[in-house]
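Below: one structure, written as structure tokens.
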Amino acid sequence: MNLWNIKKEDIKNINFINNTDILIVGGGITGLLCAYNLCNKYKVTIIDKDNISNGITSNTTAKISYIQKNVYSNIYKYHNILTAKSYLDSQIDGTNILLNIIKKHNIDCELENVNSYLFACTKKGLQTLEEEKDCLEKLGIKCFKSKLPINFPSLDSFYVKDTYTIHPLKFTYSILNIIKDKVNILENTNLIKIRKSSDRYLVKTNKGIIIAKKVIITTNYPYFIKPFFIPLKTYVLKEFVVTGEYNIDKHFSAINVEEDSKSIRFYKDNIIYTSNSNRISNYSKVQVAYQKCINDFKEYFSIEPKFLWSNQDVCTHDGIPYIKKKDNLYVITGFNGWGLTNSAITSKVVSDLINKVDNKYIKLFCKDRVCMHYIYFILTNMFYNIKGYISGYLYKNKIIYSKNIKGMKCNVYEDKKGLHIVNSKCPHMKCNLIFNEEEQTWDCPCHGSRFDIDGNPLIGPSNISIKV
Ligand SMILES: Cc1cc2nc3c(=O)[nH]c(=O)nc-3n(C[C@H](O)[C@H](O)[C@H](O)COP(=O)(O)OP(=O)(O)OC[C@H]3O[C@@H](n4cnc5c(N)ncnc54)[C@H](O)[C@@H]3O)c2cc1C
């Protein structure tokens, strides 16, 4: 359970739909916004393996901000100033799309206009902070030098205006209410496989086959490897969130420039602190990361944690998401922890592609954006994937034991409810799974798939149960 926990209205149970113009796979913020853009013109169906908006979006910290660590100076370094400008414009447009939807439908999602701080905690970070400020100013953004308005061990900081915070589920559930009479919404419907047959897609789900003219994959991380080779071009970042009661006169949001993220925002009388970000392949003991997060929280803010949870997102080499298109199959992924502005803008780009309307961001999101750093990133990714594979292989846990069942190596865990027996390998790319004692899940250290204790898929890329 996290701070956002509110009840969603039940969606009218509709009969299984087996024919649609556009099938959207994934009912997180991205899938919902795609449906919102397209539902007045096409017959649209959303499927979600779970309930709507119960994935990564339900665990976000929901800052709507174009300040995203040192993304602009990085894009400038890896590409050029025009690409940095294009990404900045896309984030401002993404913000405006969200604000316009909120205003048009009078959505009560606790929208707050806050200043966004960027800060440095280390000497090395000070230079990065300066570079990011220079780059933002070159791009026409006014940056205000100022200390963080809270007692926190930062060395320097500045802030920008016109950034926001919301309650994420109040926003997504409102979108669901707006579209629910125009869109077929099928919850607990897991996509298993897609096959192209002449000009249609045959989409196999646990409930039956759906025939669609176009398919948009918004599952956060697509389950398939080919044709876009997403596992090579991205990695999964895991982060830990702690909240506690904290009174402050004026809310703000803040994030540091260093790789290990520390981010702050407020919601009513609560502070929300995110830290301990790392590649998924670097966690073999989630308990250690949780404990560090709690210790930091107590030390910095001198308050007791109230809610504690973890979340993950897909990252690209340059901080810019990917939209991949092949024939009538579209994939949106790689939000780098900035999925609010990015879901708004990428869902608009995909809708424009489908409507055959020009969009100035097609080039930004749809290309592979090859540069020296891209090659380095792919090699590093391969290294970490191998590291994840080996760490899963070497992983030893006293409470788990292995057993061969019909020639298949299985993991066995026993608790008060009895034995939980699952396949020891992730169906996605056969990495060895690790048991996450803290959250009682089986986690893949290579690409971030997670399964519940009985082997049901929780988070992709894998969409297949590992139950035995
Ligand atoms: C700790 C943390 C804090 C963050 N804070 C911020 C922030 O402050 N601001 C910001 O902009 N971004 C933030 N982000 C990022 C943002 O939350 C995500 O990028 C965004 O929510 C992703 O939305 P999504 O729609 O792509 O994915 P999801 O919300 O995960 O939606 C995907 C949906 O697809 C469904 N699905 C998956 N596989 C299948 C399948 N096989 N069949 C059918 N359905 C399937 C899932 O059930 C899920 O509902 C944060 C991320 C993290 C990790």
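Mind jotting down the distance between the C-alpha centroids of the stretch 116-166 and the stretch 358-422, whole Å?
About 34 Å separates the Cα centre of the stretch 358-422 from the one of the stretch 116-166.
Mind listing the long-range amide H neighbours of Lys207? Cut-off is under 5 Å, sequence gap 5 or more, other chains count too, H placed in the peptide plane at 1.01 Å from N.
Here the answer is Asn190, since their amide H atoms fall under 5 Å of that of Lys207.
For the stretch 39-51, in order, what is each residue's ³J(HN,Hα) by Karplus, 6.51 cos²θ - 1.76 cosθ + 1.60 with θ = phi - 60°, in whole Hz (x at glycine and Pro)?
6, 7, 10, 10, 7, 10, 10, 10, 10, 9, 5, 10, 8
Roughly speaking, what is the stretch gain from Tyr395 to Lys204, that is 0.36 nm per residue apart minus the C-alpha to C-alpha distance, in nm to one decimal?
Values: separation 191, 0.36 × 191 = 68.76 nm, distance 3.44 nm.
Using 0.36 nm per residue and subtracting the Cα-Cα distance, I get 65.3 nm.
Rounded to the nearest 0.05, what FRET efficiency do Lys213 and Lys298 have when you use their Cβ-Cβ distance and R0 = 35 Å?
Working: r = 54 Å, r/R0 = 1.55.
The formula returns an efficiency of 0.05 here.
Quick one: dipole size for the stretch 316-468, taken about the Cα centre, charges +1 on Lys/Arg Cβ and -1 on Asp/Glu Cβ, in debye to the nearest 20. Walk me through the intermediate numbers first.
Numbers: 21 positive and 13 negative charges, 91 e Å.
The dipole of the stretch 316-468 has a size of about 440 debye.
About the Cα centre, and with charges only on the beta carbon of Lys, Arg (+1) and Asp, Glu (-1), how big is the dipole of the stretch 122-269? Nearest 20 debye, please. Mind dumping the intermediate values first?
On the way: 26 positive and 17 negative charges, 216 e Å.
So the dipole magnitude of the stretch 122-269 works out to roughly 1040 debye.
Mind listing which chymotrypsin sites (Phe, Trp or Tyr not before Pro) in the stretch 192-290 are in a DSSP loop and have 15 or fewer other Cβ atoms within 10 Å?
On the way: sites: Tyr201, Tyr223, Phe224, Phe228, Phe229, Tyr235, Phe240, Tyr246, Phe252, Phe266, Tyr267, Tyr273, Tyr283, Tyr290; in loops: Tyr223, Phe224, Phe228, Phe229, Tyr246, Tyr283.
Answer by residue number: Phe229.
Quick one: Cα convex hull volume of the stretch 310-410, Å³ per residue?
Taking the convex hull of the Cα positions in the stretch 310-410, it is 172 Å³ per residue.
Quickly rank 90-100, 336-346 as a protection proxy: mean count of other C-beta atoms within 10 Å, highest first.
Numbers: 90-100: 19.1, 336-346: 25.1.
Top to bottom by mean Cβ count within 10 Å: 336-346, 90-100.
Which whole-number value in Å³ per residue fits the convex hull of the alpha carbons of the stretch 1-133? Can you show the working numbers first?
Values: hull volume 24.1 nm³, N = 133.
About 181 Å³ per residue, rounded to a whole number.
Which percent, nearest 5, of DSSP beta bridges in the chain are antiparallel?
Numbers: 74 of 96 bridges.
Antiparallel bridges: around 75 percent, rounded to the nearest 5.
What is the Rg over Rh value, at two decimals, for the stretch 213-337, using alpha-carbon atoms and the Kirkwood definition of Rh?
Values: Rg = 17.5 Å, Rh = 16.4 Å.
Ratio of gyration radius to Kirkwood radius for the stretch 213-337: 1.07.
What is the dipole size for the stretch 395-459, taken about its Cα centre, with +1 at each Lys and Arg Cβ and -1 at each Asp and Glu Cβ, in debye to the nearest 20?
The calculation lands at about 420 debye.
What's the ranking of 52-60, 367-375 by average number of surrounding C-beta atoms within 10 Å, highest first?
Working: 52-60: 22.9, 367-375: 13.8.
The densest-packed peptide leads the list: 52-60, 367-375.
Based solely on C-alpha atoms, express the radius of gyration and the Dmax of the stretch 395-459 in angstrom.
Taking only Cα atoms of the stretch 395-459, I get Rg and Dmax of 10.9, 32 Å.
Short version: ³J(HN,Hα) in whole Hz for each residue of the stretch 315-322, in order, from phi by Karplus 6.51 cos²θ - 1.76 cosθ + 1.60 (θ = phi - 60°), x for Gly and Pro, what are they?
10, 10, 6, 10, x, 9, x, 10
Suppose R0 equals 51 Å. What FRET efficiency, 1/(1 + (r/R0)^6) with r the Cβ-Cβ distance, do Lys409 and Asn19 give to the nearest 0.05?
On the way: r = 41 Å, r/R0 = 0.81.
E(calc), rounded to 0.05, equals 0.80.
Thinking of the stretch 59-195 as a set of Cα atoms, what percent of all their pairs are more than 17 Å apart?
Numbers: 6299 of 9316 pairs.
When every Cα pair of the stretch 59-195 is considered, 68 percent fall beyond 17 Å.
Return the calculated 222 nm mean residue ellipticity for the chain, to the nearest 500 deg cm²/dmol, obtained by summing -39500 (n - 2.57) across DSSP H runs with n ≥ 4 and dividing by the residue count.
-9000 deg cm²/dmol
Using the Karplus equation 6.51 cos²θ - 1.76 cosθ + 1.60 (θ = phi - 60°), what ³J(HN,Hα) coupling, rounded to whole Hz, does each residue of the stretch 459-468 give in order, writing x for Gly and Pro?
Coupling constants for the stretch 459-468: 10, x, x, 5, 10, 10, 5, 10, 4, 10 Hz.
Past the 30 angstrom mark, what percentage of all C-alpha to C-alpha distances in the chain do you count?
45 percent
When the accessible area of the chain is split by element with a 1.4 Å probe, what percent falls to carbon and sulfur? Before the final figure, lay out each step's value.
Numbers: 10620 of 20740 Å².
Carbon and sulfur together cover 51 percent of it.
The values are calculated or read from the model by the stated rules, or taken from the named source; none is laboratory data. It should be emphasised that the depicted structure is a prediction, and the values quoted were computed from it without experimental measurement. Methodologically, a virtual Cβ is constructed for each residue, glycine included, from the backbone with ideal geometry; neighbour enumeration extends over all protein chains shown. Just the protein is used for accessible areas: all its heavy atoms, side chains included, with ligands, DNA and RNA removed. Shrake-Rupley method; radii C 1.70, N 1.55, O 1.52, S 1.80 Å.
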